[in-house]
Amino acid sequence: MGTVGKVTGIGTPVRRKGIKGFLRRTWPLHVMLLPAVVLQFIFGYLPLGGLVIAFKDYKPYDGIWGSKWVGLDHFKFMFEYPDSKQVILNTTLIAGLKIIFNIVVPFCFALLLNEVRRNSVKRTVQTLVYLPYFISWVFLGGILNDMLSTDGIINMLLHNWFGLDPILFLGSGNWFRFIVVLTDVWQQFGFGTIVYLAALAGVNPSLYEAAEVDGANRWRQTLSITIPSLAPIVIVVGTLAIGNIMNAGFDQIFNLYNPLVYDKGDIIDTFVYRTGILNGQYSFGTAVGIFKSIVGFVLIVIGYRVAYKLADYKIF
Amino acid sequence: MYYKTTGYRLFTVLNYCILLLAGILCILPIIHILAISFSASAPANSHLVGLWPVDFNIESYTKTLNNPNFSRAFVISLGRTVLGTFMTMSVIILAGYALSKDASVFKSRNIYAWYFVFTMLFTGGMIPSYIVVRNLHLMDTIWALVLPGAVQVFNMILLMNFFKATPKEMEEAALIDGAGHFTVLFRVYLPLAMPSIATLSLFSIVGNWNAWFDGLLYINNYRNYPLATFLQTIIVQQDFSKLNPDVNELKNISQRTVKAAQIFIGILPVLIVYPFLQRFFVKGIVLGAIKE
Amino acid sequence: MQLKRVSSVLLVSALAFSVTACSGNGNNAQNEPAATKAAAESTNAGGNASATNAAGNVDETGWDGSKYVEPITLTTVKGIGTNYFFKNGETMENNVMQSYMKDNLGIDVKYDWIVTDTNDAYKTKLRLMLSSGEKMPDVITYRGDMETVNMLIDSGQFMDIGDLFDKYAGDNYKKGVELNAYTWLPVTRDGQRMALPVLDYAYNDDMLLWLRQDWMDKLGLQPPKTLADFEAIMDAFVNKDPDGNGKKDTLGIATGFKNTFLGWMGDISWLFGDYGTLPGQWNKSADGTLTYGSIDPGAKQALATLKTWMDKGYISKDSGLKDENGAAELFTKGQAGALVGRNWMPDWPFGDLLNNVPGAKYKGYPLPAGPDGKIGAQSGNPSVNGWMLINKDAKNPEALLRYYNFFFDNWANPEKGSEFENGFAEGYDWAKLPDGTITKDPQKYPDLFPDYADRTHLVEPIYYTLTFEGARQPSLYADTMSKLANGEAPVTPYEIQSAAIRKPENIEAMKIVLEQKDIRMKNYFQGPLTETMKQKNELLNKLINQTYSKIIYGQSPIDEFDTMVDNWKKSGGDQITKEVNDWYNSASSK
């Protein structure tokens, strides 16, 4: 069991006298980072100048510098908007649930797949669960609308099996939230599973053999080898995911929502879409975007610190 | 052996049931989409197709494949996917390795790390990006499709963590032999990290294959679109709120079947490439075993 | 993993999140050659023109009455529609239309960029161009939302085309524009006309009632005159098992109001019209001021009626979740017995109905009148389907009008025996069989239609024109259809063609539309968004849509309507009403 720590990479590399000097010689590392740094500067940082329009009354034809400064007006407008509290609450709730389940479900699923000893089955299932990831929400929205309509297959089954009256799934707020989270997890969990399986593939089999010799049963092995091996990746994925707390999934909501569920299902992005795009309010949209990014960034910083404090693990 | 106990056998049965159920839940919509793509347009447009084609025909595929721009778009996409994946993987492998070094030996790593993480959240958006690409004179070149998205920060961080999880004994052995960072990376880390590299390559391949909006932005000649962009453009969500359509225009509107075929074409590389990449999962384990 | 995931719709909308532009000088380098070339060519043309001017009949622009003596260049950008098909070897830049216009009119059209125009691609590229300060081409033609047109106008890069129009527009074009007094309103700024309208056929988006005639016959029902009649019909459709499958699974009328109560298909606004108002638009009240239809007391009555329809199962329980396409599907899969839509629906999507339900028949009827005899339906707006803007710096701004004139005079309604009698070019969109008859079937006669890439579609060069489909005389379509409906024999090539391709139900429907044309209720507000609209439209629309849906679904009592009206007024509605009336007074005083 003592090797677990080393396998998962928690802790610092062992330093020895002979190689100390080599490790200090960091110029090759800078060279290795150079392409990424340069590319990211050009395509990531240069365009950031455009964010300045959040503080301007941007008119496309005036250009970014020609447009008038308005300071924090757009931010004020956002917070004073009568619906903004509700919309932010909806977003946080939906996104939060998605984040949690999008970690838990793939994690459990990867554990289950890990117990499959037949490689063909393992690979097939792994491929199958990845497929929903590729169906666009425009199309998926159509399928769900069919399935969940009052005379759709779901209501038909509920009626035949339990004698229930048709439920207007997408037309009632709580059902709507439930379905949004459920279908998102369904669509994404294959992706997450693959990441975890990649991590599991790196676990040294001799650890299990050693545990076997020690008389640990499979559950014991899962607890003391498999899960700790996955822990760092789960922490990384989880921390990065909370940066998404303001992104509840525009494509999905946009293709499923309707006026009946505005109060429970309207999120920041759909709200901005209705104001910004339809009326050409670019500056306002950018201001909201900055607000979302700041919240996400702060949460990632906090997550980073917490992970470091609690698990003694630096995620990046 | 643990898998011979009764308890574990029971679990295996249960486990297979769960996996089977999950597999069915994920494959049904795909079958539904396939059925639509092989149906006549009338029942498809009216949402009358279930899991089996209605009035079987392959028009949606022939229509797509017969388009004079299809093969060209296919080749462009292939090139873009190969080049893009190669670029992304090279960049993130190099950067991921450097970042996997501890701050105690590589002091500036934290600055680099935050430099990248920042861009995950703050992006300039479409128009500034467009201006950058244009001013670099990349418009209408394959580089406009490959370079802007080459640094996948999320994947880079994942890879960095996979590297961190790599046992350090071999690295140390190599270092004692006088190897440099590049040697250590290519001789020690890469072979050990094959499962993760295969996984991230897969993400990069499907990402490149299915990206369509950049083609629209950066390619000014529609005949040079990559496949995903091309496929997007043969489908229309017609909105006649402002338009008076022509009889001839109206005949072209049965697009639901084509859209279904398009989704299927988008999935294809996964079905083709993924099983191949999965072989590296086993290899990774074997290599890992050798070193102990 | 979602951080970087690019979502299609959001990306298109990314415009809103993040926009910048370099200063106006950051012109696209690659545009320069074209521009310089154009300049060079037109100087060239000018030089020649003055030379030939001595001969007498060439005007100062180098036009000799039928063509530019020295070809001029017109730069533009292009969104290729899905109806554009090319022969092998031909492209947007190089095709039979291009060379025809160059050879016969001396107008050489050059494209700065070309995009396949689906999913708003053309609009996106156009806005990008505008936002990044690129040089605009000589001509921009745009079809779609007014917001983009306003943005182009406000950019200040395009000219007031008023004088140009007065001086160069041909009679046919002028006649078409004058057909409606309000044609110029949307693009008028301080009395200046900032864009040229692309004309379309009139009455084409008027609404009428489509009924399943086979159900009507089976149940022995009479055509509806009033709303009460219609409700009786719907009741029979729902309860008397018209499709004969023994199940109570049919609907009265197909409608969907997920996005709007003023839809373009499966429309329900006519029910509001039966109570004297139309939702989502600005109607003229008795005292001559403009009022917003959605808050009219008539709307409350319409909602109450709609709620009873929902309760009785006349409309689908999912109507609140369906958009226009979703509504039409209820009809085309044979579930609903009625649908309110436009005259051309037999061509699409009713073909799907005939495919899905063997033996199905449909027929158009006038809209039924409300309890007080009131009746009203959308439309009545100018028959314009796009706008054309001309660059201030264009060397030959008048060339576009000459281009358009050519098609009005020769294409829109060609004489018998004239050049375009059968189509644009032989071997492209028509061919002559050995016995002299005209065919338009490339699949059957591959030899007569050489070099086709895809034989399932006719290659129609007319769509390659700058002006979308050559030219259309607004009154022609409706006039022809009513002529045909009255049993007159088709005479002109246009009439003969219409008789051949239009379905009888379509022709009949157009006659109904013309007969009921007095029920049209126009949207009187045609200006750009007002200041308060920009700030409050989202809030107010959300308030209305939410309240409407909840009332219909019984989630809110009907009196919630009055609270909504109060809120609407308080939250900016009153201010918007004032702004709209100010605009109307200033616009109509001219």
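Tally the residues that are open to solvent by 10 Å² or more (accessible area, probe 1.4 Å), within 29 Å of A:VAL236 (Cβ to Cβ) and not acidic (Asp, Glu), restricting the search to segment A:204-219.
The qualifying residues number 9.
Is segment B:65-73 home to any residue that is open to solvent by 60 Å² or more (accessible area, probe 1.4 Å), touching a residue at least 24 places away in the same chain (Cβ under 8 Å), of a type outside the set (A, V, I, L, M) and assigned to a helix (DSSP H, G or I)? Talk me through it step by step, then tell me what you get.
Quick first cut of segment B:65-73, residues open to solvent by 60 Å² or more (accessible area, probe 1.4 Å) only: B:65-66, B:68, B:71-72.
From what's left, touching a residue at least 24 places away in the same chain (Cβ under 8 Å): B:72.
Going one step further and asking which of them are of a type outside the set (A, V, I, L, M), we end up with B:72.
With the extra rule that they be assigned to a helix (DSSP H, G or I), the set shrinks to B:72.
Yes, because at least one residue in segment B:65-73 is open to solvent by 60 Å² or more (accessible area, probe 1.4 Å), touching a residue at least 24 places away in the same chain (Cβ under 8 Å), of a type outside the set (A, V, I, L, M) and assigned to a helix (DSSP H, G or I).
So, B:ILE111, is that one over 13 Å from A:LEU39 (Cβ atoms), of a type in the set (A, V, I, L, M, F, W, C), more than 24 Å from the chain's Cα centre (by Cα) and within 14 Å of chain C (Cβ to nearest Cβ) or not?
Details: over 13 Å from A:LEU39 (Cβ atoms): yes; of a type in the set (A, V, I, L, M, F, W, C): yes; more than 24 Å from the chain's Cα centre (by Cα): yes; within 14 Å of chain C (Cβ to nearest Cβ): no.
So B:ILE111 does not fit the description; no.
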Checklist (1) buried (at least 19 other Cβ atoms within 10 Å of the Cβ); (2) more than 10 Å from chain C (Cβ to nearest Cβ); (3) more than 28 Å from C:GLY326 (Cα to Cα); (4) small (Gly, Ala, Ser) applied to A:GLY192, failing item: (2)
Qualifying helices (runs of 4 or more DSSP H) (wholly inside segment A:197-263; at least 3 residues being under 16 Å from the mean Cα position of the chain (by Cα) and under 23 Å from A:ARG177 (Cα atoms)): A:227-242, A:250-256
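Scanning for something surrounded by fewer than 22 Cβ atoms within 10 Å (Cβ to Cβ), in contact with a helix residue (DSSP H, G or I) (Cβ under 8 Å, 6 or more places away or on another chain) and either more than 30 Å from C:THR124 (Cα to Cα) or not polar (S, T, N, Q) (or both), does segment C:205-215 turn up at least one residue?
Looking only at segment C:205-215, we keep the residues that are surrounded by fewer than 22 Cβ atoms within 10 Å (Cβ to Cβ), and these are C:213-214.
Pick out the ones that are also in contact with a helix residue (DSSP H, G or I) (Cβ under 8 Å, 6 or more places away or on another chain) and you get none.
No; the residues of segment C:205-215 include none that is surrounded by fewer than 22 Cβ atoms within 10 Å (Cβ to Cβ), in contact with a helix residue (DSSP H, G or I) (Cβ under 8 Å, 6 or more places away or on another chain) and either more than 30 Å from C:THR124 (Cα to Cα) or not polar (S, T, N, Q) (or both).
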Which numbered condition C:ASP582 misses (of (1) surrounded by fewer than 20 Cβ atoms within 10 Å (Cβ to Cβ); (2) within 24 Å of C:GLY263 (Cα to Cα)): (2)
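Going by what's in this entry, would B:ALA40 be described as out of contact with any Asp or Glu (no Cβ under 6 Å at 6 or more places or on another chain) and either open to solvent by less than 40 Å² (accessible area, probe 1.4 Å) or over 25 Å from B:ALA260 (Cβ atoms) (or both)? Talk me through it step by step, then tell me what you get.
On the way: out of contact with any Asp or Glu (no Cβ under 6 Å at 6 or more places or on another chain): no; either open to solvent by less than 40 Å² (accessible area, probe 1.4 Å) or over 25 Å from B:ALA260 (Cβ atoms) (or both): yes.
No.
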Residue in segment B:122-135 that is buried (at least 22 other Cβ atoms within 10 Å of the Cβ) and more than 19 Å from C:LYS125 (Cβ to Cβ) present: yes
Meets criteria (over 27 Å from C:TYR548 (Cβ atoms), touching a helix residue (DSSP H, G or I) at 6+ places or on another chain (Cβ under 7 Å) and either more than 9 Å from chain C (Cβ to nearest Cβ) or not basic (Lys, Arg) (or both)) for A:VAL138: no
Residue, nearest to B:VAL91 (Cα to Cα), within segment B:166-191, restricted to residues that are buried (at least 20 other Cβ atoms within 10 Å of the Cβ) and at pLDDT below 85: B:THR166
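Residues A:ILE103, A:ILE64: which one is at the interface with another protein chain (Cβ under 8 Å from one of its Cβ atoms) and in a helix (DSSP H, G or I)? Spell out the reasoning first.
On the way: A:ILE103 fails: at the interface with another protein chain (Cβ under 8 Å from one of its Cβ atoms).
Among A:ILE103, A:ILE64, only A:ILE64 is at the interface with another protein chain (Cβ under 8 Å from one of its Cβ atoms) and in a helix (DSSP H, G or I).
Could you tell me whether A:ALA198 is free of Cβ contacts under 8 Å to residues at least 24 places away in the same chain and either at the interface with another protein chain (Cβ under 9 Å from one of its Cβ atoms) or not hydrophobic (A, V, I, L, M, F, W, C) (or both)?
Values: free of Cβ contacts under 8 Å to residues at least 24 places away in the same chain: yes; either at the interface with another protein chain (Cβ under 9 Å from one of its Cβ atoms) or not hydrophobic (A, V, I, L, M, F, W, C) (or both): yes.
When the stated conditions are applied, A:ALA198 passes them.
Does A:GLY50 count as modelled with pLDDT of 85 or more and either at the interface with another protein chain (Cβ under 7 Å from one of its Cβ atoms) or over 28 Å from the mean Cα position of the chain (by Cα) (or both)?
Working: modelled with pLDDT of 85 or more: yes; either at the interface with another protein chain (Cβ under 7 Å from one of its Cβ atoms) or over 28 Å from the mean Cα position of the chain (by Cα) (or both): yes.
The answer is yes for A:GLY50.
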Qualifying positions in segment C:545-569 - within 17 Å of C:SER319 (Cα to Cα) and part of a helix (DSSP H, G or I): C:ASN545, C:GLN546, C:THR547, C:TYR548, C:SER549, C:LYS550, C:ILE551, C:ILE552
Residue within segment A:111-118 that is open to solvent by 40 Å² or more (accessible area, probe 1.4 Å), assigned by TED's automatic domain parsing to the domain that holds A:LEU200 and modelled with pLDDT of 95 or more present: no
Filter pass, B:ASN15 being polar (S, T, N, Q), part of a helix (DSSP H, G or I) and in contact with an Asp or Glu (Cβ under 9 Å, 6 or more places away or on another chain): yes
Residue count for segment C:313-334, restricted to those that are open to solvent by 30 Å² or more (accessible area, probe 1.4 Å) and at the interface with chain B (Cβ under 9 Å from one of its Cβ atoms): 3
Conditions (1) open to solvent by less than 20 Å² (accessible area, probe 1.4 Å); (2) in contact with a helix residue (DSSP H, G or I) (Cβ under 6 Å, 6 or more places away or on another chain); number of the one not met by B:LEU83: (1)
Residue that is nearest to A:TYR313 (Cα to Cα) [pool: residues in segment B:140-152 that are open to solvent by less than 20 Å² (accessible area, probe 1.4 Å) and facing another protein chain (nearest Cβ under 7 Å)]: B:VAL151
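Yes/no per residue for (1) of a type in the set (Lys, Arg); (2) assigned by TED's automatic domain parsing to the domain that holds C:PHE350; (3) touching a Gly at 6+ places or on another chain (Cβ under 7 Å):
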position	(1), (2), (3)
C:ASP249	no, yes, no
C:ILE268	no, yes, no
C:GLY280	no, yes, yes
C:ASN283	no, yes, yes
C:LEU306	no, yes, no
C:LYS317	yes, yes, no
C:ALA327	no, yes, yes
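Based on this model, can you work out whether A:VAL116 counts as in a helix (DSSP H, G or I), more than 14 Å from chain C (Cβ to nearest Cβ) and either closer than 17 Å to B:TYR16 by Cβ or in contact with an Asp or Glu (Cβ under 6 Å, 6 or more places away or on another chain) (or both)? Steps first, answer last, please.
Working: in a helix (DSSP H, G or I): no; more than 14 Å from chain C (Cβ to nearest Cβ): yes; either closer than 17 Å to B:TYR16 by Cβ or in contact with an Asp or Glu (Cβ under 6 Å, 6 or more places away or on another chain) (or both): yes.
Answer is no for this residue.
Using the structure shown, decide if A:ILE300 is open to solvent by less than 30 Å² (accessible area, probe 1.4 Å), part of a helix (DSSP H, G or I) and within 14 Å of chain C (Cβ to nearest Cβ). Step through it out loud before you land on a result.
Numbers: open to solvent by less than 30 Å² (accessible area, probe 1.4 Å): yes; part of a helix (DSSP H, G or I): yes; within 14 Å of chain C (Cβ to nearest Cβ): yes.
The answer is yes for A:ILE300.
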Any hit, segment A:160-168, residues being of a type in the set (A, V, I, L, M), within 14 Å of chain C (Cβ to nearest Cβ), surrounded by 15 or more Cβ atoms within 10 Å (Cβ to Cβ) and in contact with a Ser or Thr (Cβ under 9 Å, 6 or more places away or on another chain): yes
Qualifying residue in segment A:30-43 (condition: in contact with a helix residue (DSSP H, G or I) (Cβ under 7 Å, 6 or more places away or on another chain), outside any helix (DSSP H, G or I) and either closer than 30 Å to B:SER104 by Cα or within 14 Å of chain B (Cβ to nearest Cβ) (or both)): no
Within segment C:79-98, tally of residues that are closer than 19 Å to C:GLU469 by Cβ and either more than 9 Å from chain B (Cβ to nearest Cβ) or not in a loop (DSSP other than H, G, I, E, B) (or both): 10
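The values are calculated or read from the model by the stated rules, or taken from the named source; none is laboratory data. Values in this document were obtained by computation on a predicted structure and should not be read as measured data. Every residue, glycine among them, receives a Cβ derived from its backbone with ideal geometry; neighbour counts consider all protein chains shown. Surface areas here come from the heavy atoms of the whole protein model, side chains and all, with no ligands, DNA or RNA. Shrake-Rupley method; radii C 1.70, N 1.55, O 1.52, S 1.80 Å.
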